Amino acid sequence: MQLPLPAQGVSRGPFRARNAVLILAACLALAACKGGNGEAEAKEGKDKAVEAVPVEVAQATHRPIAASYTGTAALEALAESQVIAKTSGVALEVMVEEGQVVKAGQQLVRLDADRARLQAAQTAAQMTKLQNNYERARQLSAQKLISANETDQLKYDLENARAVNRLANLELSYTNVTAPISGVVASRSIKPGNFVQINTPILRIVDISRLEATLNVPERELATLQAGLPVRMQVDALPGKVFEGTVDRVAPVVDAGSGTFRVICAFDSQDVLQPGMFGRISIDYDQRANALVVPRSALIEGESDPALFVVRDGKVHRVTVKLGYIDGEWAEVREGVEAGDSVVTAGKSALRDETVVQVIGAPGTEDKAVAANEAGDAGDDKTQQ
């Protein structure tokens, strides 16, 4: 005979109690895991909060500094001349080459002079004839044998013949082309045997003994830049070299369109500088022998007011400063820091006011780093135990 099954509510009781125990144990284990991870994250966050930012610093110090105006300009020759053929003819001889140094008045090209020489001889003969006629007319006029009008006419004809002869001789002289200025032959456009037309450029001479650079300076600098000030220049073609010069002249008039005035600087070529070279020019107009300066790299970029990060007691403090002259890599500080203050030169982008920093290269930095590593290793060993 089959036994009756137990009621449904009575048969499920033990299973429900067992499930409840298992769920409670799982929750306790999960809570323990979360608690351990939370403590680790809190400890790691605390370590990060006090982690020092590595920076490089430099000390504010006293040194000479100059106030200067900087600009760029191309070098130009003091004098340049295009040698023009003043008469036509065949070039029989070209006596110079490109790059050759020539003196003013030196013969450069010899043109065919036969036609010009014949014209000069013809006008000379005509002039001699009229000269003799005029002398005889003067004798006859003194004897009252001819009228004064005839004598005067011969005189005027003689003067005209003399002018024609001088013109013919001038044309003859043009067949010998000479240098108008001293300098270097920069270009030559003819060869022996070429026919040269009148008013044709055949040579170009450049005087490179002295070079000039013209700066267009804003009108606010008109009172500071004067003739005679020292000038320093660097050119891209000759890196590492500095050339000395002077301000030769300053234009007294400001251009109304651009609001600038012209400053012309003169340099000795030293047989190195060439016209057309691009120069970076600095004009020193004031000097301070004992100025408080910091490296220009210490200035915080992108700030409306100039500021620095000063390191004090292991932290940085943002300090607003008043700047003076800026000369190359140095900036003069008139107010805000004192001599000996350490200012941050590298690592500024990660800093805020009161940020804890570690100065790279400071005395004892390596010892502190070793001690920190040893302490960290000891902590790890203790945790493992």
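Based on the alpha-carbon set only, what is the convex hull volume of region 77-125 divided per residue, in Å³?
Details: hull volume 5.4 nm³, N = 49.
About 111 Å³ per residue, rounded to a whole number.
Could you work out how much longer the chain between residue 264 and residue 93 gets when fully extended? Use 0.36 nm per residue separation minus the Cα distance between them, nm to one decimal. Spell out each step's value before the answer.
Numbers: separation 171, 0.36 × 171 = 61.56 nm, distance 3.98 nm.
Extending this stretch completely gives an extra 57.6 nm.
Below 8 Å between Cα atoms, with a sequence gap of 6+, how large is the relative contact order for region 145-290 in percent?
Numbers: 185 pairs, mean separation 31.7, N = 146.
Result for region 145-290 is 22 percent.
Measure of size requested: the Rg and Dmax of region 82-224, with Cα atoms as the atom set and Å as the unit; please supply both.
24.6, 83
Distance in nm between label sites at residue 349 and residue 224, each 7 Å beyond Cα in the beta-carbon direction?
So the two model labels end up 3.2 nm from each other.
Taking amide H positions as placed in the peptide plane 1.01 Å from N, state which residues far from residue 355 in sequence (5 or more) or on other chains have amide H under 5 Å from it.
Residues meeting the criterion, in which the H sits 1.01 Å from N, are 316.
Could you state the principal axis extents of the C-alpha atoms in region 179-316, from the largest down, to the nearest angstrom?
86, 36, 30
Once you have the Cα-Cα distance between residue 322 and residue 128, take 0.36 nm times their residue separation minus that, and quote the gain in nm to one decimal. Each step should come with its number before you reach the end.
Details: separation 194, 0.36 × 194 = 69.84 nm, distance 8.81 nm.
Gain in length upon complete extension: 61.0 nm.
Count neighbours as other Cβ atoms within 10 Å of each site's Cβ, and list the trypsin sites (Lys or Arg not before Pro) in region 53-110 that are DSSP loop with at most 16 such neighbours. Could the numbers behind the result be given before it?
Numbers: sites: 86, 103, 110; in loops: 86, 103.
Counting only loop positions with at most 16 other Cβ atoms within 10 Å, the trypsin sites (Lys or Arg not before Pro) in region 53-110 are 86, 103.
If R₀ is 35 angstrom, what is the calculated FRET efficiency for the pair residue 234 and residue 53, using the beta carbon separation as r and rounding to 0.05?
E between residue 234 and residue 53, to the nearest 0.05, is 0.45.
Give me the number: length gained by fully extending residue 76 to residue 305, i.e. 0.36 nm times residue separation minus the C-alpha to C-alpha distance, one decimal in nm. Please report the intermediate quantities before stating the final value.
Values: separation 229, 0.36 × 229 = 82.44 nm, distance 4.02 nm.
Gain on stretching residue 76 to residue 305: 78.4 nm.
How big is region 113-174 by Rg and Dmax over its Cα atoms, in Å?
Over region 113-174's Cα set, Rg and Dmax evaluate to 14.2, 46 Å.
Treat each spin label as a single point 7 Å out from the Cα along the C-beta direction, and report the residue 272 to residue 254 distance in nm.
Result for the modelled spin labels: 3.8 nm.
Can you give me the relative contact order of region 113-174 as a percent, contacts being Cα pairs under 8 Å and 6 or more apart? List each step's numbers first, then the result.
Working: 45 pairs, mean separation 33.4, N = 62.
Taking the mean separation of contacting Cα pairs over the length of region 113-174, I get 54 percent.
Using the beta-carbon distance between residue 169 and residue 145 and R0 = 30 Å, what value does 1/(1 + (r/R0)^6) give for FRET efficiency, to the nearest 0.05?
Working: r = 35 Å, r/R0 = 1.17.
Once rounded, the FRET efficiency stands at 0.30.
Taking amide H positions as placed in the peptide plane 1.01 Å from N, state which residues far from residue 67 in sequence (5 or more) or on other chains have amide H under 5 Å from it.
285, 286, 287, 288
Please list, in chain and number order, the residues 5+ apart from residue 87 or on another chain whose amide H is under 5 Å from its amide H, with Hs placed from the backbone.
199
Filter 103/241; 322/348; 86/129 down to the pairs with a C-alpha to C-alpha distance above 24 Å, please. Numbers along the way, then the final one.
Numbers: 103/241 30 Å; 322/348 19 Å; 86/129 30 Å.
Going by Cα-Cα distance, 103/241; 86/129 fall outside the 24 Å limit.
Throughout, read-outs are computed from the coordinates displayed, never taken from laboratory work. Note that this is a predicted model, so its numbers are computed, not measured. For neighbour counting, all protein chains shown are included, and Cβ atoms are generated from backbone atoms with ideal geometry for every residue, glycine included.
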